Amino acid sequence: MSVTDVLATTLADSLNKKFKDNKVAYFLDGTDSTPTDIKDFISTGSSMLDLAISNRPDGGIAVGRITEINGLESSGKSLLGAHILAETQKKGGVAVYIDTETSVSQEFMEVIGIDMSKMLYLHLETVEDIFEAIVEIVTKVRESDKDRLVTIMVDSLAAATTKVELEADFDKDGWATAKAIIISKAMRKITQMIGRQKVALVFTNQLRQKLGVMFGDPWTTSGGKALPFHASTRIRLKNMGQIKDTAKNVLGMKCRAQIVKNRLGPPLRHADYDMYFDRGIDNYGAWLTVLKEHKLVKSGGAWYTLTDQDGKDHKFLSKDWEDLITKNDELREYVYQIICDKVILKYKEKLGIDDVEFTDEVLGD
């Protein structure tokens, strides 16, 4: 062990003795489990969005982190959050829905896979009550079952008021900074709290337009900057168009999810998917889109041809794609693997001294 390593070890031991209630000093060599380690992921219901967020197979939003889903009205924020709650229940976790908009559709949430009899629903009005409820939930989880997965979704933070604002009249009362101050204080408390627990905290938020902005991003979110700073992942949703049948009836919409901030993987990536009003996100339809974009399937007229791992060709129409991929487990796993190979960003390997090529110019000759 070098002198530097001995000094670092001594410092770590000294700091951990000083803060004896908590271990604060670690060596990030894979031997210690730190609060920065992500223990689990929860799918968003869209495999392509999961890959865009986590940059790894079977990823999604991180457990122990804060995720913000923002967008304009009717962009699918609540729907995406509901899919996350459904995936939480599939993993045996507890789904908690904090509603500030009084707009929950039980019938639709059951369609996308949520067991309403097991989902904890809270109807709260103020940001103070929301964060007190979050702290209470996390505290009770810590006391009873630390290994139980819990996802708390707040829908939405923009619709929540404050206790002072709730008691006031409707006159303009100057700069409305109370909400931002309360959220900022709450974020400083709960970020570290959930980081050590198997708790995923999801906020939906509304976009506000910046007046007079001609260049750059014209959108911002309400409630100050605390949530954007503390969130590990920020997903911005955009309505890309309507999906209609032959009779021009609107069946759903095309959505784009832009990762505007990401501490789990590369930021500024995006994922496209279709959302139907009768069943939610069309996950496998996005798979076919990616296969076409990367020329992993051959197309001829309305027919597509996919060659599997054994060299066998599967010919199908787009309407038959979901049946083909869901009824053949081996084919589904193969297709998912080739999509991951194309979509996941591979980081460059660290160069050692033996890998560097020295030229005469570098050596000074």
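The values are calculated or read from the model by the stated rules, or taken from the named source; none is laboratory data. The structure displayed is predicted, hence computed values, not measured ones. With ideal geometry, Cβ positions are generated from the backbone for all residues, glycine too; neighbour counts draw on all protein chains shown. The accessibility values were calculated without ligands, DNA or RNA, using every heavy atom of the protein model including side chains. Shrake-Rupley method; radii C 1.70, N 1.55, O 1.52, S 1.80 Å.
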Packing-ranked peptide list from 208-215, 176-183, highest mean Cβ count within 10 angstrom first, is 176-183, 208-215
Computed from these coordinates, which is Rg and Dmax of the Cα atoms in Å: (i) 24.0, 80; (ii) 22.7, 72; (iii) 27.0, 93? (i)
Note, the range 89-101: 3J(HN,Hα) by Karplus (6.51, -1.76, 1.60, θ = phi - 60°), whole Hz, Gly/Pro = x, goes 5, 4, 8, x, x, 9, 9, 10, 10, 9, 9, 10, 9
Grab the Cα-Cα distance for Asp323 and Val250, subtract it from 0.36 nm times how many residues apart they are, and report the gain in nm with one decimal. 24.0 nm
On the accessible surface of the range 241-290, probed at 1.4 Å with all protein chains in place, carbon and sulfur together account for a percent value of 49 percent
Going residue by residue through the range 301-309, the Karplus relation 6.51 cos²θ - 1.76 cosθ + 1.60 with θ = phi - 60° gives ³J(HN,Hα) values, rounded to whole Hz and with x marking Gly or Pro, of x, 8, 9, 10, 10, 10, 9, 8, 5
Springs between alpha-carbon atoms under 10 Å, Gaussian network over the chain: tell me which of Asp217, Asp329, Asp278 tops the mean-square fluctuations. Asp217
Find the accessible area per residue for the chain; the probe is 1.4 Å, ligands and nucleic acids are left out, and the unit is Å². 59 Å²
For Lys261, residues with placed amide H under 5 Å, excluding near neighbours: Arg234, Leu268
Once phi is turned into θ = phi - 60°, what whole-Hz ³J(HN,Hα) does the Karplus curve with 6.51, -1.76 and 1.60 give for every residue of the range 222-228, x standing for Gly and Pro? 7, x, x, 9, 5, 5, x
Ignoring everything except DSSP H segments at least 4 long, calculate the 222 nm mean residue ellipticity for the chain; use -39,500 (n - 2.57) per segment, divide by total residues, nearest 500. -10500 deg cm²/dmol
With every protein chain present, what accessible area does Phe19 have (1.4 Å probe, heavy atoms only), rounded to the nearest 10 Å²? 100 Å²
GluC sites (Glu not before Pro) within the range 53-134: which are DSSP loop residues with at most 10 other Cβ atoms inside 10 Å? Glu73
Taking H as built 1.01 Å from N, whose amide H comes closer than 5 Å to the amide H of Ile69, not counting residues under 5 places away? Phe203, Thr204, Asn205, Ile235
Sorted by chain and number, the residues with a modelled amide H under 5 Å from that of Arg208, at a separation of 5 or more or across chains, are Thr220, Thr221, Ser222
